[in-house]
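Q: Got a structure for you, written out below as structure tokens; questions coming shortly.
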Amino acid sequence: MRYIDLFCGIGGFRIAINQALKGKNINSKCVFSSDIDPDAQNIYQMNFGEQPAGDITQIEAKNIPDHDILLAGFPCQPFSICGQLKGFEDTRGTLFFDIARILDCKKPNYFILENVKQLVGHNQGKTLQKILEILQQLGYYIQYKVLNALHLGLPQKRERIFIVGYRQPLSFRWEIQNIPMKPLTEILEPQVSAFYYASEKIRNNRLVKYQGKIASEPTIWHENKAGHISAYPYSCALRAGASYNYLLVNGERRLTEREMLRLQGFPDEFKMVASYSTARRLIGNSVPVPCVSRVMNCLLNQDIMNE
Ligand SMILES: C[S@@+](CC[C@H](N)C(=O)[O-])C[C@H]1O[C@@H](n2cnc3c(N)ncnc32)[C@H](O)[C@@H]1O
């Protein structure tokens, strides 16, 4: 199965698809990848031996190799594609347009798109409706679902919408069973350097604001926008641009790069050589691997049933 990895970031989709296809004994090959961010390109190259192409808006669809499945965790741009739009050409200026024009030209059998959960309610649901209509006009049957990484084995509350498209009329079903989350003890490193510890001032400030009991098991303290502190036995969603103290292990220290990768379901062999701030941004932008592999399994199971 040949696939393309658009907006590939550090390759969360690629790891998940390879896992899902390997599980079904299907050979897979990534025939094209693209990301505009040089740091993401470096990490992708380091792990997959391939330098992604750059800005997708500058790449002609006909120059992209043929493929069976298109994968895209596209950026959650503020969409402005509702209104009176008639077709996908009117979405020019949004990165969704680039997905649509590639689907239109290359007509892969399947696609999986991912975005933030907020897309569902954006502009009273009209944005998503428009996206789905355009994908249907391009000849696809569409399904979508919001999945939470917390229900698929990871101790991270991260809700994302997945949109699946296929050209044949399959009786697609979302057969995804909940998996108990790994405890934080399996994610957290036993010892971390002083670099990760918040200053005494910040730690004291957290303790003063925190109203709950101090648990004996590890927790991750989350500061919401109003400055309210909660402690959970899982992490709230990693975010690329959040303050350094938005998530603190036991109210004391930041997550390490490896811990953040584990929270997204990346295997420990994954290499991340970058500054801490770059790593936070890249990992915070990434996709939870088990969510994508479950979605891919739904497609694969369906395909086999209809053969
Ligand atoms: C939500 S992230 C997807 C991350 C990816 N799924 C992963 O597992 O790491 C969106 C990505 O789109 C990339 N991007 C934004 N504009 C782009 C463009 N014009 N061309 C190619 N990539 C772009 C960003 O650099 C970012 O890495």
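Q: Quick check on my filter: what residues within the stretch 2-54 are modelled with pLDDT under 95 and either in a strand (DSSP E or B) or surrounded by fewer than 17 Cβ atoms within 10 Å (Cβ to Cβ) (or both)?
A: 22, 23, 24, 25, 26, 27
Q: What's the number of the only condition in (1) in a loop (DSSP other than H, G, I, E, B); (2) modelled with pLDDT of 95 or more; (3) within 30 Å of residue 64 (Cβ to Cβ) that residue 170 fails to meet?
A: Every condition holds for residue 170 apart from (2).
Q: Oh, and also: Can we say residue 287 is β-branched (Val, Ile, Thr), buried (at least 17 other Cβ atoms within 10 Å of the Cβ) and assigned to a loop (DSSP other than H, G, I, E, B)?
A: Values: β-branched (Val, Ile, Thr): yes; buried (at least 17 other Cβ atoms within 10 Å of the Cβ): yes; assigned to a loop (DSSP other than H, G, I, E, B): yes.
Yes, satisfied.
Q: Mind telling me which of the residues 102, 112 ends up being closer than 17 Å to residue 73 by Cβ, over 16 Å from the mean Cα position of the chain (by Cα) and modelled with pLDDT of 90 or more? Steps first, please.
A: Numbers: 112 fails: over 16 Å from the mean Cα position of the chain (by Cα).
Among 102, 112, only 102 is closer than 17 Å to residue 73 by Cβ, over 16 Å from the mean Cα position of the chain (by Cα) and modelled with pLDDT of 90 or more.
Q: Is there any pair with a first residue in the stretch 127-145 that is surrounded by 20 or more Cβ atoms within 10 Å (Cβ to Cβ) and a second that is assigned to a strand (DSSP E or B) and of a type outside the set (Lys, Arg) whose Cβ atoms are under 6 Å apart and which are 6 or more apart or on different chains, and what are they?
A: Every condition considered, the pairs that remain are 135/142; 135/165; 140/165.
Q: Could you list, in sequence order, the residues of the stretch 105-121 that are assigned to a helix (DSSP H, G or I), in contact with a helix residue (DSSP H, G or I) (Cβ under 7 Å, 6 or more places away or on another chain) and open to solvent by 40 Å² or more (accessible area, probe 1.4 Å)? First the steps, then the outcome.
A: Residues of the stretch 105-121 assigned to a helix (DSSP H, G or I): 105-106, 117-119.
Filter once more, keeping what is in contact with a helix residue (DSSP H, G or I) (Cβ under 7 Å, 6 or more places away or on another chain): 105-106, 119.
Listed by number, the list holds a single entry, 105.
The values are calculated or read from the model by the stated rules, or taken from the named source; none is laboratory data. Given the structure is predicted, the values throughout are model-derived calculations rather than measurements. Cβ sites come from the backbone with ideal geometry, for glycine too, and all protein chains shown count toward neighbours. Remember, those area values only see protein heavy atoms, side chains included, never the ligands or the DNA or RNA. Shrake-Rupley method; radii C 1.70, N 1.55, O 1.52, S 1.80 Å.
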